[in-house]
Amino acid sequence: MQNILLLALLLYSVKVRAQESRPDSVRPRRAQFIPLPVVYYTPETHLGCGLLGVYLFRTDSAARTSNVDLALIHTLNGQTVIEPTYTIFTHHEHYLIRGMMLYTQFPEFYYGLGNETADSQKELISYKSFRAYNRFLRQVKTGLFIGLQQQYVKTFDVNRSSETPFPMNTLIGGLGSVVNGMGVAAVLDTRDNIYSPVRGWYADVSSMLYGRVLGSQFAFTNYTIDVRRYKLLSPTTVLAVQGFANLNVGEVPFKLAATLGGPFVLRGYYNGRYRDNHALVFQAEVRQQLIGRLGGVVFASAGNVANVLSEFSPTEWKVAGGGGLRFLISRKEHLNLRFDVAVGQQTHGIYVNISEAF
C-alpha cells in the first residue's frame with residue numbers, strides 16, 4: 001500500500017521555514033507541513049480512521065518538491081497500517097532517494113491464482129507483514145536517474161478462515177515467508193509536477209533479484225515497467241495514460257505476486273481479486289479543471305494476469321471505468337484530494353486518496 005485512502009475530516013497547513021540555503025544555491029521555497037486526521041472507506045478495508053502527516057519541501061529552487069509522509073491507520077476490519085515513506089530530490093536533483101517502511105496487520109480475501117477464479121473460491125487470510133524498500137538513484141542526464149534498489153519483506157502469523165487445503169503450488173509462502181532482494185532501476189522523469197502533472201513523461205524500469213544468498217526463503221526475479229504520459233489538451237484539460245507490467249519468474253510468495261485492483265491499478269476491483277506471476281494494465285484518464293479548487297476526471301482501464309506470458313489472451317481482459325472529483329488542497333504544490341467511483345465487471349469501488357492514481 002504505497003499510499004492510504006483518505007477522506008480528510010480536517011485540512012489545514014502549517015508553513016515553516018526551510019533549511020538555510022547553501023552559499024552556492026538559490027534560496028528554496030518555504031516548506032509545508034500538512035497534518036490530516038482522516039476517516040476513509042475502501043472495498044478492501046471498509047471504514048477506517050487514523051492520521052496522516054505530509055511534509056513537503058525543496059532542497060533548492062532547481063529541484064522538484066520532496067516529501068516525507070507518515071500514515072497511522074486502523075480499520076473496523078481489524079486492519080492496522082503504519083507507513084512512513086519518503087521521496088527526496090537532492091541539491092539540483094543530483095540524486096533521487098526514495099523508500100518506505102510498512103507494518104501491516106491486514107486480513108484480506110484470497111481468491112486463488114489466475115484470471116478465471118470465482119467469487120465462491122474466496123476465503124479470508126489474516127497476517128502480519130513488515131516491508132522495507134529503498135532506492136538510491138543518481139542523475140546521469142536531466143530527468144534520467146539510474147541506481148540501486150533493495151526490498152525486504154517478512155510475512156508472519158498467517159491464519160486462514162478455511163482448513164481446506166489449497167491446490168498444490170497455488171499459495172507459495174502461504175504459512176509466511178521472508179524474502180530479501182537487490183536490484184537495479186532506471187527512471188526517466190520529465191513531469192512538471194510529481195503530484196498532479198500536466199505535461200511530461202514518467203518511465204520506471206527495474207529488476208529485483210531475490211535469492212537465498214541474500215537471506216530469502218524463496219528465489220525469484222521481479223521485473224517492473226511503468227510508463228506514463230501527460231499531455232495538456234487545453235489550458236484546463238489534461239490527458240494522462242499509463243502502461244504497467246509486473247512480471248515475476250521463479251518461486252513467488254503470494255504477498256509479492258502480481259495483482260490487479262485497488263486505488264491505483266484497475267480501480268473498481270478488490271485489490272488482489274486477480275493474482276498471478278504476471279500482470280499487465282493499461283489506463284487512461286482525462287482531468288478537467290472545473291471551478292476554483294474543484295476539478296473532475298473520467299477514466300478507463302483494462303488489465304489481466306497470467307501464470308506465463310504466453311497465457312495472456314486479448315479476450316479475457318478485465319475492464320473498468322468511472323469518474324471522480326478533485327479538490328486542490330495545496331495550490332503551491334498542486335496537491336489534490338481525489339474522490340473516485342469505479343465500476344468493473346460485476347464489481348465496483350469507491351476511493352478517496354491524496355494525489356492522483358498515476
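Put the Cα centre of segment 207-248 next to the Cα centre of segment 36-114 and the gap is 18 Å.
The value of relative contact order for segment 215-292, using C-alpha pairs under 8 Å at least six residues apart, is 31 percent. Placing unit charges on each Cβ (+1 for Lys and Arg, -1 for Asp and Glu) gives the chain a dipole about its Cα centre, and among Thr87, Thr221, Gln121 the Cα reaching farthest toward its positive end belongs to Thr87.
Of the trypsin sites (Lys or Arg not before Pro) in segment 70-175, not one is in a loop by DSSP (not H, G, I, E or B) with at most 16 other beta carbons within 10 Å.
In percent, how large is the relative contact order of the chain, given Cα pairs closer than 8 Å and 6 or more residues apart? Once divided by the residue count of the chain, the mean separation gives 11 percent. Each label point was placed 7 Å from the Cα along the Cα-to-Cβ direction; for Thr236 and Gln345 their separation is 3.8 nm. Which aspartates and glutamates have a Cα less than 13 Å from the Cα of Lys231, not counting those fewer than 8 places away in the same chain? Cross-link targets: Asp192, Glu285. Net charge dipole, segment 7-354: roughly 1380 debye, given to the nearest 20, about the Cα centre with Cβ charges of +1 for Lys and Arg and -1 for Asp and Glu.
Excluding same-chain residues fewer than 8 positions from Lys332, which lysines have a Cα within less than 16 Å of its Cα? Candidates past the 8-residue exclusion: Lys15. Give Lys122/Lys318; Lys154/Lys318; Lys122/Lys154; Lys128/Lys318 a once-over and call out the pairs whose C-alpha atoms are over 28 Å from each other. With Cα atoms farther than 28 Å apart: Lys154/Lys318; Lys128/Lys318. Across Pro197, Pro263, Pro314, mean-square fluctuation computed from a Gaussian network of the chain (C-alpha pairs under 10 Å connected) peaks at Pro314.
Read-outs throughout are calculated quantities, based only on the coordinates presented, and are distinct from any laboratory measurement. Keep in mind that this is a model prediction, so the values were computed, not measured. Cβ: placed from backbone, ideal geometry, glycine included. Neighbour counts: every protein chain shown.
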